[in-house]
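Encoded as structure tokens, the structure appears first; notes follow it.
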Amino acid sequence: GMVQHRIDPESLPYAPETLERKPDVGAEGFFALDLRTGRVVDVEPFPEARKPASKLTVDFGPVVGRLRTSAQITNYPASSLEGRIVVGAINLGRKRIAGFTSEFLVLGALDPDGTVRLLEVPDGVRPGAPVA
């Protein structure tokens, strides 16, 4: 007979069909985040990371300056990242990852399997612009 291939939900942790809503945090919870646009100025490999990742240096404009992060975005070649405008959450605190200090979180949409697709920012947006 036919073999049924069931997809294991564990392998698709971000499938929209199964992803529960998070509880309300109120507007103040959202507006407490400092979300800003920044320009990627450097991309380095991060072979020490447990999961495949890159180290990004991002310029968030004249007030914030340059911050670094580790991001699991191996689906982008470095050449497509350098110069790109990304969105970062810059006030979550620092996190040590395999000897590297990550200073912000880069925002992306997650495919069902967790592949990150970086948020697109329209042309003309300058580094340091707030995102609200």
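A few points about this structure:
- Taking every C-alpha pair closer than 8 Å and separated by at least 6 residues, the mean separation divided by the residue count of the chain gives a relative contact order of 29 percent.
- Fraction of accessible area attributable to carbon and sulfur, the chain (%, probe 1.4 Å): 53
- Pair S80, D123: separation of 7 Å Cα→Cβ label points (nm): 1.9
- The length gained on full extension between K95 and V63, counted as 0.36 nm times the residue separation minus their Cα-Cα distance, comes to 9.4 nm.
- Set of lysines with alpha-carbon distance to K95 below 22 Å, sequence-local pairs under 8 removed: K51, K55
- Accessible area per residue in Å² at 1.4 Å probe, computed on segment 81-132: 60
The values are calculated or read from the model by the stated rules, or taken from the named source; none is laboratory data. Quantities reported herein were computed from a predicted structural model and do not represent experimental measurements. Here the Cβ is made from the backbone with ideal geometry for all residues, glycine too, and neighbour counts use every protein chain on show. For the accessible areas, the whole protein counts, side chains as well, though only heavy atoms, and no ligand, DNA or RNA atoms are used. Shrake-Rupley method; radii C 1.70, N 1.55, O 1.52, S 1.80 Å.
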